[in-house]
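Participant: I am attaching a structure below and will ask some questions about it afterwards.
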Amino acid sequence: MDTNKKESSSKMVEFPLLKSAIDSHYKACTISYRIPSDNPNISTPFEISWINLYASSIPSFMKRAESDETVPDAKDRAEKFAQRYGQILEDLKKDPKSHGGPPDCILLCRFREQMIREVGFRDIFKKVKSEENTKAISLFPSVIRASDAIEDSGNRLETLVRGIFAGNQFDLGSAQLAEVFSKDGLSFLASCQNLVPRPWVIDDLDTFKLQWAKKLWNKAVIFVDNSGADIILGILPFARELLRRGTQVVLAANDLPSINDVTYPELIDIVSKLKDENGQLMGVDTSNLFVANSGNDLPVIDLSSVSQELAYLASDADLVIMEGNGRGIETNLYAQFKCDSINIGMIKHPEVAQFFGGRLYDCVFKYNEVPQ
């Protein structure tokens, strides 16, 4: 099995704003599960803890798969997925070099997605994504009106950033959040108020506020994360604020479904539903808003391999935003770009919180400025 091959048919290229993967020693995964001196034939305790984390997600994925009414024999196929993926994880515990290891977050995610697709599922979160998109679209005007009412630009910016964190909680790839969601759903407004207090585990927001007050970016590329409140009530209000300031915005979304991440076709549909008859987002022109297919098929991303379409649209951007736990924290937190960059997301796994010395559901806002 080729674990490096994406199912997208187009040729993949390196993200053009990434400092050369060779020159910058780019590694997509933020957290290494082993050190060079570890025995290559024996799994480390840290590797095993991460493998167990992915194993803990199997029941929630299996439950979603069983309820997929578009797939015949869904229950039997869901059990096959659980058995096959569970066996791979057990194999990796016994021999970290099996299945193309040693494991990292990209490999563990890729096997999970491959096993789901191999047994016949395409998008086991499609129904819940659609439901949450509908709810979030109905709330979009009130969220925009609330932020527009804030006259101070710095306070408005912080409100929009908090909205991104609040929306980012809608993540059914986290076993804990999936459990919370299945019981109570997630209230966007309550989430905005109940973020862990600042300072966050990585907190460059005040530095970014200073730049926001005096600097304008010509084009921003935002690697988006989840459907529902995340993209509609978190990212799109922030993107709208950038548009209002004169910045072109490229939203890069997944090629194929993965967990509840928004896909390229879904994002096109969402934006079209939010625009009015004049092509505006609540009074802001969208002629400089672009939606791109990133070519990705995972909840994490390796920037050495993106679509040619995205590479073309992003080539002249001067701001890159990596959003979400998967794209902005567990991968690419230490990525070096040729332009300014932001990593923004919520920590959703205890192992990640422990690695950074932070709290579960702590927030990351990392801003890197590159002198022009």
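Participant: Just give me the residues in the range 210-228 being in contact with an Asp or Glu (Cβ under 7 Å, 6 or more places away or on another chain) and either at positive phi or of a type outside the set (Val, Ile, Thr) (or both), in sequence order. Steps first, answer last, please.
Facilitator: At the first step, the residues of the range 210-228 found to be in contact with an Asp or Glu (Cβ under 7 Å, 6 or more places away or on another chain) are 211, 217-219, 222-228.
Those that are in contact with an Asp or Glu (Cβ under 7 Å, 6 or more places away or on another chain) and either at positive phi or of a type outside the set (Val, Ile, Thr) (or both): Gln211, Trp217, Asn218, Lys219, Phe223, Asp225, Asn226, Ser227, Gly228.
Participant: Just checking, which of Ser294, Ser258, Ser287, Ser341 is surrounded by fewer than 19 Cβ atoms within 10 Å (Cβ to Cβ) and among the hydroxyl-bearing types (Ser, Thr, Tyr)? I'd like the intermediate steps shown before the answer.
Facilitator: Details: Ser294 fails: surrounded by fewer than 19 Cβ atoms within 10 Å (Cβ to Cβ); Ser258 fails: surrounded by fewer than 19 Cβ atoms within 10 Å (Cβ to Cβ); Ser341 fails: surrounded by fewer than 19 Cβ atoms within 10 Å (Cβ to Cβ).
Every option except Ser287 fails the conditions.
Participant: Here's something else I'd like to know. Take Leu195 and tell me if it is touching a Phe, Trp or Tyr at 6+ places or on another chain (Cβ under 8 Å), among the hydrophobic types (A, V, I, L, M, F, W, C) and surrounded by fewer than 22 Cβ atoms within 10 Å (Cβ to Cβ). Please lay out each step first, then the result.
Facilitator: Working: touching a Phe, Trp or Tyr at 6+ places or on another chain (Cβ under 8 Å): yes; among the hydrophobic types (A, V, I, L, M, F, W, C): yes; surrounded by fewer than 22 Cβ atoms within 10 Å (Cβ to Cβ): yes.
So Leu195 fits the description; yes.
Participant: Further, regarding this structure: Suppose we filter the range 340-372 for residues that are in a loop (DSSP other than H, G, I, E, B), modelled with pLDDT of 95 or more and basic (Lys, Arg); how many remain?
Facilitator: Matching residues across the range 340-372 total 0.
Participant: Another question, then. Assuming Tyr334 fulfils every condition listed in (1) under 13 Å from the mean Cα position of the chain (by Cα); (2) in contact (Cβ under 8 Å) with a residue 60 or more places away in the chain apart from one, which condition is it?
Facilitator: (1)
Participant: Here's a follow-up. Pull out all pairs, ordered by first then second residue, where Cβ-Cβ is under 6 Å, the residues are six or more apart or on different chains, the first lies in the range 120-136 and is of a type outside the set (A, V, I, L, M), and the second is surrounded by fewer than 22 Cβ atoms within 10 Å (Cβ to Cβ) and assigned to a helix (DSSP H, G or I).
Facilitator: Here the result reads Gly120/Arg77, each pair linking the range 120-136 to a residue that is surrounded by fewer than 22 Cβ atoms within 10 Å (Cβ to Cβ) and assigned to a helix (DSSP H, G or I).
Participant: Can I ask one more? Is at least one residue of the range 92-107 under 28 Å from Gly234 (Cβ atoms) and of a type outside the set (D, E, K, R)?
Facilitator: We begin by selecting, within the range 92-107, every residue under 28 Å from Gly234 (Cβ atoms); these are 104-106.
Cutting the leftovers down to of a type outside the set (D, E, K, R) gives us 105-106.
There is at least one residue in the range 92-107 that is under 28 Å from Gly234 (Cβ atoms) and of a type outside the set (D, E, K, R).
Participant: Separate question: Go through the range 234-274 and report how many residues are in a loop (DSSP other than H, G, I, E, B) and of a type in the set (Ser, Thr, Tyr). Walk me through it before giving the result.
Facilitator: Pass one, the range 234-274, residues in a loop (DSSP other than H, G, I, E, B): 245-247, 255-260, 262.
Now narrow it down to the ones that are of a type in the set (Ser, Thr, Tyr): 247, 258.
Looking only at that region, the number is 2.
Participant: Give the number of residues within the range 120-159 that are assigned to a helix (DSSP H, G or I) and among the acidic types (Asp, Glu).
Facilitator: First, pick out the residues of the range 120-159 that are assigned to a helix (DSSP H, G or I): 126-148, 153-159.
When the remaining residues are screened for being among the acidic types (Asp, Glu), the result is 131-132, 148, 158.
The total comes to 4.
Participant: In this structure, does Ile329 turn out to be in a strand (DSSP E or B), farther than 26 Å from Lys127 by Cα and open to solvent by less than 10 Å² (accessible area, probe 1.4 Å)?
Facilitator: no
Participant: If you don't mind, another one. Which helices (runs of 4 or more DSSP H) does the range 8-119 wholly contain that include 1 or more residues that are modelled with pLDDT under 95 and open to solvent by 30 Å² or more (accessible area, probe 1.4 Å)?
Facilitator: Values: elements: 45-56, 58-66, 74-94, 105-118.
Filter on the range 8-119 gives 45-56, 58-66.
Participant: Just the residues that are polar (S, T, N, Q) and touching an Asp or Glu at 6+ places or on another chain (Cβ under 8 Å), please, taken from the range 44-82. It would help to see each step written out before you state the result.
Facilitator: From the range 44-82, those polar (S, T, N, Q) are 44, 49, 52, 56-57, 60, 67, 70; that's our starting set.
Listed by number, the residues that qualify are Thr44, Ser49, Ser60.
Participant: Right, next: Looking for something farther than 23 Å from Ile344 by Cα and touching a helix residue (DSSP H, G or I) at 6+ places or on another chain (Cβ under 7 Å) - is there at least one such residue anywhere in the range 242-255? Break it down stepwise before answering.
Facilitator: We begin by selecting, within the range 242-255, every residue farther than 23 Å from Ile344 by Cα; these are none.
Checked against the condition, which is being farther than 23 Å from Ile344 by Cα and touching a helix residue (DSSP H, G or I) at 6+ places or on another chain (Cβ under 7 Å), the range 242-255 yields no hits at all.
Participant: Moving on to the next point. Would you point out which residue out of Lys209, Lys183 is modelled with pLDDT of 95 or more and open to solvent by 30 Å² or more (accessible area, probe 1.4 Å)? Spell out how you get there, then give the answer.
Facilitator: Details: Lys183 fails: modelled with pLDDT of 95 or more.
Result of the check over Lys209, Lys183: Lys209.
Participant: Could we say that Ile222 is at pLDDT below 95 and either buried (at least 23 other Cβ atoms within 10 Å of the Cβ) or outside any helix (DSSP H, G or I) (or both) here? Quick ask: steps written out before the conclusion?
Facilitator: Values: at pLDDT below 95: no; either buried (at least 23 other Cβ atoms within 10 Å of the Cβ) or outside any helix (DSSP H, G or I) (or both): yes.
It is false that Ile222 is at pLDDT below 95 and either buried (at least 23 other Cβ atoms within 10 Å of the Cβ) or outside any helix (DSSP H, G or I) (or both).
Participant: Does Val128 count as among the β-branched types (Val, Ile, Thr), open to solvent by less than 20 Å² (accessible area, probe 1.4 Å) and within 25 Å of Pro350 (Cβ to Cβ)? Working first, answer last.
Facilitator: Numbers: among the β-branched types (Val, Ile, Thr): yes; open to solvent by less than 20 Å² (accessible area, probe 1.4 Å): yes; within 25 Å of Pro350 (Cβ to Cβ): yes.
Against the criterion (among the β-branched types (Val, Ile, Thr), open to solvent by less than 20 Å² (accessible area, probe 1.4 Å) and within 25 Å of Pro350 (Cβ to Cβ)), Val128 qualifies.
Participant: Also: Which residues, taken from the range 314-331, are under 11 Å from the mean Cα position of the chain (by Cα), among the small types (Gly, Ala, Ser) and over 13 Å from Leu303 (Cα atoms)?
Facilitator: The initial filter retains those residues of the range 314-331 that are under 11 Å from the mean Cα position of the chain (by Cα), namely 321-331.
Keeping just the survivors that are among the small types (Gly, Ala, Ser) gives 324, 326, 328.
Across the range 314-331, the qualifying residue is only Gly324.
The values are calculated or read from the model by the stated rules, or taken from the named source; none is laboratory data. For clarity, every value in this text was computed on a predicted model and none was experimentally measured. Virtual Cβ from ideal backbone geometry, glycine too; neighbours counted across all protein chains shown. SASA here: full protein model, heavy atoms, side chains in, ligands and nucleic acids out. Shrake-Rupley method; radii C 1.70, N 1.55, O 1.52, S 1.80 Å.
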